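The values are calculated or read from the model by the stated rules, or taken from the named source; none is laboratory data. A quick note: this is a predicted structure, and the numbers were derived from the prediction, not measured. Backbone-built Cβ (ideal geometry, glycine too); neighbour counts: all protein chains shown.
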Amino acid sequence: MSLGRSLTRWVGFGLLCVRGFSLVAQEAPNVNSISVDRQAATAYAQNRFEDAARLYRQAVKKRPDWAEGWGYLAASLFTLNRYAEARDAYRQTTVLTPKNGPSWAYMGFCEFELRDYRNAFDHLMKGKQLGLGNDLTLLSRVHYELALLWDTAGQFEMATKEISFLANAGDMSPPVVEATGLIVLRLPLFPYEIPATRHELVMKAGEAGWQVNAQHLEEARHLYKDLVAQHPQEANLHYAYGLALTVSDQDAAVAELEKTLDLNPKHVPALIEAAFLSLEMGHLEKSERWAQRALEIEPKNYAPHNILGRIFVQTGHSEKGITELETAVRLAPSIASSHFNLAQAYQKAGKSADAAREFAAFRELDHTEGQDGASEQHP
């Protein structure tokens with residue numbers, strides 16, 4: 001089901017997730033409150049959401065620990081697009097049932113609609129971490145909104161990871177393509193901020209990026225080839241095309257990355273990718289040059305340190321290489337490959353205890369990444 005078609009189902013799932021709330025310790029209802037509860041349930045079942053919201057509000061005022069009542073109140077308000085009130089009601093459900101992931105997610109949806117993006121991000125992530133079940137529509141909205149929040153924060157790799165969920169689910173709806181295009185072009189904008197003159201390009205870039213995310217690489221390469229021909233001055237299109245070429249033609253990929261750098265000499269992701277590919281192809285001098293340029297621009301980026309460390313170790317400068325690799329690990333301790341590269345360098349230098357420690361760190365991180373599906377950047 002596409003993102004666009006699933007909008008009406010999200011609220012329904014929000015209601016389903018509150019049914020487990022009855023497990024929370026609650027005070028016994030009196031006869032009058034039962035009457036209000038029944039009236040509220042009837043109103044909700046008949047889609048009379050204004051009445052349902054009014055009646056559930058009366059009910060939770062009498063029974064403030066009734067988690068299910070708060071959930072239905074929140075869902076009624078959410079259906080009515082009364083997001084500030086719905087947010088407050090969902091917040092109460094998170095107090096009463098703090099381990100209920102969907103409640104946190106729906107509070108995040110409300111905050112997203114209210115453009116309270118900092119809190120929306122925190123609460124969507126909280127819901128995701130607690131678990132959201134298997135409902136595709138709920139998961140899709142969480143990934144979609146997180147993708148936009150990562151994108152507008154300039155964290156395009158994290159945004160790509162989130163939006164890829166929807167491509168893998170087969171969702172090629174316009175909102176998904178649009179968000180993907182923003183990420184491909186590395187435009188830190190919300191959809192409503194896209195200039196009218198750029199929207200067509202965003203959508204075309206999104207179509208190509210969607211094909212990459214769905215692992216349809218041949219189709220993606222054809223789309224990117226046409227796009228860079230039509231828009232030769234778009235540095236990020238050359239970068240995206242270069243990434244799409246890395247599996248099939250590394251020389252062509254580097255050529256596209258070089259075009260990116262001709263247009264934007266300070267494009268650090270392109271410098272790092274070019275350095276990594278050059279290292280893989282054995283072009284060590286070229287790789288070192290790219291990595292050094294990246295390091296001059298972003299000295300606290302782990303990746304160029306990692307690449308330089310590997311180059312120095314390969315060229316017989318073990319201590320110099322170890323220093324760079326140690327810096328890479330210190331800057332990004334959660335990257336498994338950094339620990340692996342450092343372990344190999346220690347092993348080559350005869351530092352067995354240090355090598356064993358880093359191999360152990362690598363195995364632990366690699367196991368964790370395998371469980372949560374995390375993917376790390378090069379190198």
* Listing of helices (runs of 4 or more DSSP H) fully contained in the stretch 241-318 that carry 2 or more residues being in contact with a Ser or Thr (Cβ under 6 Å, 6 or more places away or on another chain) and over 26 Å from residue 216 (Cα atoms) -> 284-297, 302-314
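May I ask you to list the residues in the stretch 345-360 that are surrounded by fewer than 19 Cβ atoms within 10 Å (Cβ to Cβ) and assigned to a helix (DSSP H, G or I)? Even if it seems obvious, please write down each step before you answer.
So the first thing to find is which residues in the stretch 345-360 are surrounded by fewer than 19 Cβ atoms within 10 Å (Cβ to Cβ), and the list is 347-357, 359-360.
Passing the criteria: 347, 348, 352, 353, 354, 355, 356, 357, 359, 360.
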* **Qualifying positions in the stretch 280-309 - surrounded by 23 or more Cβ atoms within 10 Å (Cβ to Cβ) and either more than 29 Å from the chain's Cα centre (by Cα) or not aromatic (Phe, Trp, Tyr) (or both)** => 287, 291, 294, 303, 304, 305, 306, 307, 308, 309
* Asked: Restricting the search to the stretch 139-194, which residues are out of contact with any Asp or Glu (no Cβ under 7 Å at 6 or more places or on another chain) and among the β-branched types (Val, Ile, Thr)?
  -> 142, 152, 160, 163, 176, 180, 184, 194
* Could you list, in sequence order, all residues of the stretch 322-341 that are of a type in the set (Ser, Thr, Tyr) and surrounded by fewer than 24 Cβ atoms within 10 Å (Cβ to Cβ)? => 323, 327, 334, 337
* Structure fact -> Within the stretch 168-224, the residues that are free of Cβ contacts under 8 Å to residues at least 24 places away in the same chain, aliphatic (A, V, I, L, M) and assigned to a helix (DSSP H, G or I) are 196, 223
* Do the conditions hold for residue 253, that is, is it in contact with a helix residue (DSSP H, G or I) (Cβ under 9 Å, 6 or more places away or on another chain), assigned by TED's automatic domain parsing to the domain that holds residue 170 and without any contact (Cβ under 8 Å) to a residue 40 or more places away in the chain? -> yes
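Scan the stretch 103-117 residue by residue and report those that are touching a residue at least 60 places away in the same chain (Cβ under 8 Å) and either out of contact with any Ser or Thr (no Cβ under 6 Å at 6 or more places or on another chain) or on the phi > 0 side of the Ramachandran plot (or both). Before the answer, list the steps.
In the first step, residues of the stretch 103-117 are kept if they are touching a residue at least 60 places away in the same chain (Cβ under 8 Å); the result is 103, 106, 109.
Once the filter is applied, which keeps residues that are touching a residue at least 60 places away in the same chain (Cβ under 8 Å) and either out of contact with any Ser or Thr (no Cβ under 6 Å at 6 or more places or on another chain) or on the phi > 0 side of the Ramachandran plot (or both), the stretch 103-117 yields 106, 109.
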* To do: Scan the stretch 86-138 residue by residue and report those that are under 23 Å from residue 150 (Cα atoms), crowded, with 19+ Cβ neighbours inside 10 Å and among the aromatic types (Phe, Trp, Tyr).
  => 104, 106, 109, 112, 121
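List the helices (runs of 4 or more DSSP H) inside the stretch 5-122, counting only whole elements, that have at least 3 residues being within 28 Å of the chain's Cα centre (by Cα) and modelled with pLDDT under 90.
Details: elements: 7-16, 31-45, 49-62, 67-79, 83-96, 101-113.
Helices (runs of 4 or more DSSP H) meeting the threshold: 7-16.
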